[in-house]
Amino acid sequence: MTPAIYSIFAVLLSIGFFYVDLLLVERFRDFIPSILLTKVDLAKTIMGALSGALLTMSTFTFSTILVVLTMYSSQFSPRALKNFVHDPVTWRVLGVFLGGFIYNTLSLLFMREHLYTHDVISTFVGIVIAFSCLATFAYFIHYIATTVQVGKLVDELIHDTEKVISRIRKLEEKQLETANSVTWIPVGVKQEIKADKDGYLQLIELEKIRNYAEEHELQIDIEVSVGDFVYEGMPIMQVYARKNLDFSLKSFYAIGNERISEQDMPYALQKLVEIALRAISPGINDPNTANDILLRIGSLLGKIGTVQTGVFILADKDGNPQIKYSFPSYYSILYNVYFQLSHYGREDISVLYSMTDSLRIAANTAPAYHHETIWNMQLYVLEVLEGQRLKSYDQRSLQEKIDFVAKATGQKPIRLESIEKQR
């Protein structure tokens, strides 16, 4: 929509200055500096040149975008394409170029010698727009050079994950109770809500569903989580109604062909993991990028540990259970982060270092009741060393890092020698 809006504005601007030239320029000729006015012949020449130049710049911009999309897909992750395609800067740059080309082309079309017996000002406006396009082009080149850097992309993905964490934290602040403190015993006639098509559950508005349930005296058991694949006819909600009434909950959730990270925490983390996996692949061979991502993932995992995960029950104002929903457990989040990294990173000792450091960072931030889960994940990561023998200094350094994790989690340290001897 953004390029279309810019294009429509350019059409209106061109028509507007056509009437300005036709009706107002001659009347207010004494108040307009002569340097801003041009004859019709000169206007045609200038606008023809500007139209061709802006079309060339637009073509080059499209080509640049395609190159960046290819780079995102091959070097980072196909799942990261949306972060660039949905970037408002990309839309606006395309809109500026298209708008500049449309304005100059239409103004050139309106330049008829038999209509004007005086100079026109449309050419000056076209030149100003062309300069604006040139400045936008220079900014876009700088923006692209910054965007293709892996650090910039990682920052965006981390920001996406932090927004999901913040959303869960806000739910906790609004009378949220966990399954341990509230017993889920629904009352009423049960009705199933089934998916009307295949796809991924992209969004679900829990607060709106709770308000709707409170208004209609419903209790709703949501059987799927954001990011789950559902098929047509699959039950996604069990609704318990105390009264026989017609209700619709379709406006409170969205099913689409692709996963999105707006509410999907595992998917937001998966994007970061995939970039790290690409970095340690033989084709790219950039383990330092993977190591940096792992450290930042550790910080995210610590923040995730501070919010409630697992089964949630949303209660009404009186504390009665109303909505039941399951977020991914902390164990499943940790496992989905490390199970591929531990497999593909076992040949690089630096990746093992970074996985251990990320777990230590998570342990230092997460509350104590998650420490055992973090330590068990550390033991799982170390299983890749079974039957292998590390070099002396590698073993010493990794042992120090494991001891730090054991201390942070309050667990008994494990010796690497005992792992290496296992078959």
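Angle of helix 349-365 to the longest C-alpha principal axis of the chain, folded into 0 to 90 degrees and rounded to 10: 80°. Within the straight-line cut-off of under 21 Å between alpha carbons, the lysines reachable from K194 are K208, K243, K250, K324, sequence neighbours fewer than 8 places apart in one chain being disregarded.
Rolling a 1.4 Å probe over the protein heavy atoms of segment 269-388, with every protein chain left in place, gives an accessible area that is 46 percent carbon and sulfur. Taking springs between alpha-carbon atoms closer than 10 angstrom, which of L277, L36, L379 fluctuates most in the Gaussian network model of the chain? It is L36.
Could you estimate the translational diffusion coefficient of the chain from the Stokes-Einstein equation, with Rh from the Kirkwood formula over C-alpha pairs, at 37 °C and 0.692 mPa s, in whole µm²/s?
Numbers: Rh = 26.2 Å.
So the translational diffusion coefficient is about 125 µm²/s.
Relative to the longest principal axis of the Cα atoms of the chain, the long axis of helix 392-409 makes an angle of roughly 80 degrees. Surface composition of segment 105-159: carbon and sulfur make up 70 percent of the accessible area, probe 1.4 Å.
Applying the criteria of a DSSP loop state and at most 14 other Cβ atoms within 10 Å to the trypsin sites (Lys or Arg not before Pro) of segment 302-389 yields K317, R389. Set the Förster distance to 30 Å, then compute FRET efficiency between I141 and F9 from the Cβ-Cβ distance, nearest 0.05. After rounding, the FRET efficiency stands at 0.80. The GNM of the chain, with springs linking C-alpha atoms under 10 angstrom apart, assigns the highest mean-square fluctuation among I65, I209, I46 to I46. Scoring 86-95, 330-339 by mean Cβ neighbours within 10 Å over their residues and listing the highest first yields 330-339, 86-95. Database remark: amide H of M234 closer than 5 angstrom to the amide H of A195 (H placed geometrically; neighbours at sequence offset of 5 or more, or on other chains; Pro and chain starts carry no H). Using a simple spin-label model with pseudo-atoms 7 Å out from Cα toward Cβ, D316 and E232 lie 3.7 nm apart. Between A195, A145, A362, the Gaussian network model of the chain with springs among Cα atoms under 10 angstrom shows the greatest mean-square fluctuation at A145. Simple rule: put +1 on each Lys or Arg Cβ and -1 on each Asp or Glu Cβ in segment 179-257, find the dipole, and look at S251, P186, L203; the Cα lying farthest toward the positive end is P186. Loop-located trypsin sites (Lys or Arg not before Pro) in segment 1-75 (DSSP state other than H, G, I, E, B) with a sparse environment of at most 13 neighbouring Cβ atoms within 10 Å: R27. Rolling a 1.4 angstrom probe over the protein heavy atoms with all chains in place gives the chain an accessible area of 51 Å² per residue. Against the chain, whose longest principal axis is taken from its Cα atoms, helix 122-147 shows a tilt of about 20°.
Residues whose amide H comes within less than 5 Å of that of L203, counting only those at least five positions distant or on another chain, are A254 (H built at 1.01 Å from N in the peptide plane). Please check which bits of segment 112-129 a label hung off D41 would reach, taking the label as a point 7 Å along Cα-to-C-beta and the cut-off as backbone N under 18 Å. Those under the cut-off are 112-121, 123.
The values are calculated or read from the model by the stated rules, or taken from the named source; none is laboratory data. Note that the coordinates shown come from a computational prediction; the quantities given were computed from them, not determined experimentally. Using ideal geometry, Cβ is built from the backbone for each residue, glycine included, and neighbour counts are taken over all protein chains shown. Surface accessibility is based on the protein's heavy atoms, side chains included, excluding ligands, DNA and RNA. Shrake-Rupley method; radii C 1.70, N 1.55, O 1.52, S 1.80 Å.
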